[in-house]
Amino acid sequence: MSSSSLTDQTGWGVLRQSDFLRFILGRLLSALAMQMVIVAVGWLVYELTQSAFALGLVGLSIFLPTVALSLISGHVADTFDRARVVAFHQAIIALVCLALYVFAWSGTNDMLPAYGLMAVMGAARAFVNPANQALLPTLVTREQFSSAVAVNSSTWQCAVIAGPAAGGLLYAFGPDVVFAVAALLTAVSSYLALSIAGPRQTGSREPPTWASLVAGIHFIRAHPAILGAISLDLFAVLLGGAASLMPIVARDILHTGPWGLGLLRSAPAIGAFAVSLALAHYPIRRHVGERMFSAVAIFGVATIFFGLSTSLPLSMLALVAMGAADMVSVFLRQSLVQIDTPDEMRGRVAAVNTVFIGASNELGDFESGIVAAAIGAVPAIIVGGVGTILVAALWARLFPPLRFRDEL
């Protein structure tokens with residue numbers, strides 16, 4: 001293989017694939033919009049309610065539709081054109097952003113409309129995420145796949161860096177401005193997904209029977225390495241995630257404003273982005289299981305430091321370390337799941353994976369809100385970090401096939 005051909009197969013050379021480039025640009029814009037919305041909704045809700053529990057309800061509103069629709073969304077991703085599934089539901093999210101604009105502009109203190117709109121957004125994301133995960137491996141060659149996963153993760157982390165900061169800055173002009181910009185970005189993302197030329201058909205249009213709907217669950221249960229990787233992420237981030245408490249940390253502990261909240265939410269992505277750049281060119285190929293468990297343990301330690309910090313720079317440093325460790329875990333989990341799953345099952349497996357990710361994030365936000373309301377934000381973050389370390393140790397004993405996995 002020539003050096004120029006090798007460059008096309010690895011690193012950022014994978015972006016020479018036009019469909020993959022459209023996919024990545026769409027992912028970038030939609031992720032930017034989502035991060036902006038999360039910052040704006042989080043600050044607005046806490047500003048109006050002063051309640052950690054109310055912040056937790058935002059995460060719960062997004063998570064519940066994901067669980068309720070997970071089986072059917074996976075079947076849809078394996079039955080219909082995945083790019084068009086993404087485009088349609090991104091358009092719904094754009095409409096939700098416009099409705100949030102109206103909500104913010106109205107000046108109401110009633111939180112029920114906000115929770116309802118976030119639930120609709122969660123329902124749309126329940127279809128977008130499995131379709132995106134299943135679409136990615138079909139856009140590149142097998143030789144390009146590891147680099148494609150790393151570039152995809154890098155793109156996401158770029159959005160998580162820029163999105164919260166942009167949302168925090170735009171919030172100075174009002175939350176309605178944030179939601180209007182997010183609606184525009186999501187609409188463009190929908191168009192980009194629709195413009196992906198192929199593949200146009202991903203599977204046979206079998207009727208949705210119970211057996212076909214739960215096939216993803218059975219597949220995961222039959223493969224201990226996949227089950228261990230997905231459930232490890234679920235419980236580690238469920239306990240150690242502190243994202244929903246950042247408005248409290250920013251306002252009450254670090255004594256900063258929306259701009260500081262934006263910096264805090266961007267900090268994990270800075271560490272993750274740096275690691276993803278390295279992984280795009282130098283993917284992890286050996287000692288996969290050991291490195292995954294080590295990364296989760298480091299995530300827990302960094303979470304404890306974040307909970308103990310009373311300084312904005314030190315808090316950001318801890319969050320950068322959390323993001324770097326999480327990126328290693330995400331890269332290994334996504335690669336392992338996609339490689340071990342046949343194409344005709346990817347949508348349904350991705351749907352189950354989406355539920356686990358949603359549980360670790362949105363349900364984790366709800367859990368953090370409840371614990372913080374009971375014992376305070378700082379103790380809740382520290383306890384979560386300790387719990388993450390314990391989960392890593394326990395899962396290493398429960399899932400030997402994952403622990404001793406050497407190669408992807």
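The values are calculated or read from the model by the stated rules, or taken from the named source; none is laboratory data. The structure presented is a predicted model; accordingly, all values stated were derived computationally and were not measured. When we count neighbours, we look across all protein chains shown, and the Cβ atoms used for this are built from the backbone with ideal geometry, even at glycine.
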Legend entry - Residues located in the stretch 285-299, provided they are under 27 Å from V349 (Cα atoms) and either in a helix (DSSP H, G or I) or under 21 Å from the mean Cα position of the chain (by Cα) (or both): V288, G289, E290, R291, M292, F293, S294, A295, V296, A297, F299
Legend entry - Residue check for F273: surrounded by 21 or more Cβ atoms within 10 Å (Cβ to Cβ), touching a Cys at 6+ places or on another chain (Cβ under 8 Å) and either modelled with pLDDT of 80 or more or closer than 24 Å to T388 by Cα (or both): yes
Legend entry - Residue that is surrounded by the fewest Cβ atoms within 10 Å (Cβ to Cβ) [pool: residues in the stretch 124-152 that are touching a residue at least 24 places away in the same chain (Cβ under 8 Å) and charged (D, E, K, R)]: E143
Legend entry - Matching entry among Y171, Y191 (being aromatic (F, W, Y), closer than 18 Å to R27 by Cβ and in a helix (DSSP H, G or I)): Y191
Legend entry - Residue match in the stretch 392-408 (condition: within 22 Å of the chain's Cα centre (by Cα), outside any helix (DSSP H, G or I), of a type in the set (A, V, I, L, M) and modelled with pLDDT under 75): yes
Legend entry - Single residue of A267, A318, A278 found to be more than 21 Å from V39 (Cα to Cα), part of a helix (DSSP H, G or I) and of a type in the set (A, V, I, L, M, F, W, C): A278
Inset, instruction - Considering each of I284, I270 in turn, give the residue that is farther than 24 Å from V371 by Cβ and in contact with a Lys or Arg (Cβ under 9 Å, 6 or more places away or on another chain). - result: I284
Legend entry - Residue selected from the stretch 153-181 under the condition at pLDDT below 80 and closer than 21 Å to V86 by Cβ, by the criterion surrounded by the fewest Cβ atoms within 10 Å (Cβ to Cβ): C158
Legend entry - Filter result for I284 (closer than 30 Å to H75 by Cβ and surrounded by fewer than 20 Cβ atoms within 10 Å (Cβ to Cβ)): no
Inset, instruction - Could you look through the stretch 90-123, keep only residues that are in a loop (DSSP other than H, G, I, E, B) and of a type outside the set (A, V, I, L, M, F, W, C), and pick out the one that is surrounded by the most Cβ atoms within 10 Å (Cβ to Cβ)? - result: T108
Legend entry - Unmet requirement for A325, which otherwise passes all of (1) at pLDDT 75 or above; (2) under 29 Å from A123 (Cβ atoms); (3) out of contact with any Ser or Thr (no Cβ under 6 Å at 6 or more places or on another chain); (4) buried (at least 23 other Cβ atoms within 10 Å of the Cβ): (2)
Legend entry - Close pairs (8 angstrom Cβ cut-off, 6 or more residues apart or separate chains): assigned to a helix (DSSP H, G or I) in the stretch 246-257, at pLDDT 85 or above and surrounded by fewer than 22 Cβ atoms within 10 Å (Cβ to Cβ) anywhere: I253/T310
Inset, instruction - For the stretch 371-391, name all the residues that are under 23 Å from the mean Cα position of the chain (by Cα) and of a type in the set (G, A, S). - result: A372, A377, A380, G384, G385, G387
Legend entry - Those residues of the stretch 35-62 which are crowded, with 22+ Cβ neighbours inside 10 Å and either among the acidic types (D, E) or over 17 Å from A372 (Cβ atoms) (or both), in sequence order: Q35, M36, V37, I38, V39, A40, V41, L44, S61, I62
Legend entry - the stretch 280-316, subset without any contact (Cβ under 8 Å) to a residue 12 or more places away in the chain and of a type outside the set (G, A, S), residue farthest from R265 (Cα to Cα): Y282
Legend entry - Near pairs, Cβ below 6 angstrom, 6+ apart or cross-chain, from the stretch 323-340 (assigned to a helix (DSSP H, G or I)) to any residue that is of a type in the set (F, W, Y): A325/F299; D326/F299
